[in-house]
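Have a look at the structure below before the remarks.
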Amino acid sequence: MWRNSPHSYGLIAILFHWTIAILFLGQIGLGYLTQITTGDPRLQFDLYQWHKSLGFLTMVLALLRLAWALAAAKPRPVPRTSRLEAIAASLTHSTLIAMTIFVPFTGWAVASTSPLMIPSFAFNLVLVPDLPLRRSEAAEALWSNIHAYLAYGSGVLAFLHATAALYHQFARRDGTLTRMLSPVSQDVRRGGTPAH
Amino acid sequence: MFKTLLIAAAILIGAGLAHAQSLSELRGRYTIAPSSEIAFFVGQVGGGGIRGRFSRFSGAFELHPDDIARSNVTITLEPASVATGESRVENFLRSKAVFDAAAHPSITFRSTSVRPAGPNSAIIEGTLTARGVTRRETFHASFAGRQGRDIAFRVVGEVFRSPYGMDVGTPIYSNIVHFDMMLQGQPI
């Protein structure tokens, strides 16, 4: 139930997946909003602080998820998956997990290099120290660009990932999506007993 | 050595007496000279903060050294003239998020009462009008020196910004604005 089985994701993996997916995609939207609200500096300031708080949360969860993923065996690819498909899926999953850590990290670098020196006070609760980077307008602009391109690029990758999952689920009917929705469905359907 | 000390002490005492004697001569109206400084500081979580100053202001004060309570002061500053050394911070402060300098081009303080706080200092109470809000605020003024007929006062005070609709950024940035002013008065 909690841990992955050979055919299904465990509840921990499923919760990590959807929590981080919602946070990460929400952050792309929120990040975009910070760029189009220059006409309302107060709103823009507040959106930036939410973006930073949620970004740190995303990064912490993504690091925990990475530890969990490395400690647990991944379910095997669904039957009738070609070798190429398996490699593509594995590469996509690894890249997305890496991006959920690295994109927030580049945002942290933006805050750390900005001459504005606005403290990172996550959720007005946790004072996050800045990374030991040199502050300059140029460094801030560079990290901002890296942050934005990686974020939007990851958004495209997440879209492809979701499209592939939907294709498997509804065109091939192989249960790919279902096994990321419920920890027991696959095992029960296969007549096995749910892993506890 | 002892003699030198003695002479130095005599000079100091003499200067002190001269100061006391001449205080009544200082009675009169003064304009606040552009050479004055109006600086402020807003602390931030984790230490440090935003330091800035206003470069455009005007005002006048009336000094009654023998009866301090009859003294008064009025000062108006232009929030658009804020300087912090970082243009993005300045633009933010001028914007609707903080001063809304376009709609409210001036911030004014008018004293309503002055009472002595010590031999060379006074508590100044008055009304501060900023961003369309008028509230009572208190500042502490102390004599900082004179040069010819010009006179200088250091004025410090703490003002909460949230009542003036300028609470953006709290609690990352403190709600308290520390003012530190060196007002140079020139007799009118």
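The values are calculated or read from the model by the stated rules, or taken from the named source; none is laboratory data. Since this is a predicted model, take the numbers as computed values, not measurements. Cβ coordinates were reconstructed from backbone atoms using ideal geometry, including for glycine residues, and neighbour counts include every protein chain displayed.
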- Query: Quick one: how many residues across segment B:36-81 are touching a helix residue (DSSP H, G or I) at 6+ places or on another chain (Cβ under 9 Å) and within 14 Å of another protein chain (Cβ to nearest Cβ)?
  - Reply: 2
- Which residues, counting only those in segment A:10-67, are touching a Leu at 6+ places or on another chain (Cβ under 6 Å), over 23 Å from A:Ala98 (Cβ atoms) and not aliphatic (A, V, I, L, M)? A:Thr34, A:Thr37
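Counting just the residues of segment A:89-111 that are small (Gly, Ala, Ser) and touching a residue at least 24 places away in the same chain (Cβ under 8 Å), which one comes out farthest from B:Gln44 (Cα to Cα)? Write out each step before concluding.
Applying the first criterion (small (Gly, Ala, Ser)) to segment A:89-111 yields A:89-90, A:94, A:98, A:107, A:109, A:111.
Narrowing the set further to residues that are touching a residue at least 24 places away in the same chain (Cβ under 8 Å) leaves A:89, A:107, A:109, A:111.
Numbers: A:Ala89: 46, A:Gly107: 21, A:Ala109: 20, A:Ala111: 15 Å.
Step by step, filter segment A:89-111, then rank; the result is A:Ala89.
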- Query: Limited to segment B:64-87, what total is found for residues that are touching a Leu at 6+ places or on another chain (Cβ under 6 Å) and at pLDDT 95 or above?
  - Reply: 2
- The one condition A:Val78 fails out of (1) in contact with a Lys or Arg (Cβ under 7 Å, 6 or more places away or on another chain); (2) aliphatic (A, V, I, L, M); (3) at pLDDT below 95 is (1)
- Message: One residue is enough: does segment B:129-141 have a residue meeting the conditions out of contact with any Leu (no Cβ under 7 Å at 6 or more places or on another chain), of a type in the set (S, T, N, Q) and within 20 Å of B:Arg27 (Cβ to Cβ)?
- Response: no
- Specify which of the listed residues (A:Ile118, A:Ile146) is away from chain B (no Cβ under 13 Å) and at negative phi. A:Ile146
- Those residues that are more than 14 Å from chain B (Cβ to nearest Cβ) and touching a residue at least 24 places away in the same chain (Cβ under 8 Å), I need them from segment A:36-55; list them, please. A:Leu54, A:Gly55
- Message: Kindly evaluate A:Ala62 against the criterion of being within 14 Å of another protein chain (Cβ to nearest Cβ), touching a Ser or Thr at 6+ places or on another chain (Cβ under 8 Å) and of a type outside the set (Val, Ile, Thr).
- Response: no
- Message: When you check A:Val103 against the structure, is it touching a helix residue (DSSP H, G or I) at 6+ places or on another chain (Cβ under 6 Å), β-branched (Val, Ile, Thr) and within 14 Å of another protein chain (Cβ to nearest Cβ), yes or no?
- Response: no
- Query: Based on what the data block shows, is B:Gly85 under 21 Å from B:Ser35 (Cα atoms), exposed (fewer than 15 other Cβ atoms within 10 Å of the Cβ) and within 14 Å of another protein chain (Cβ to nearest Cβ)?
  - Reply: yes
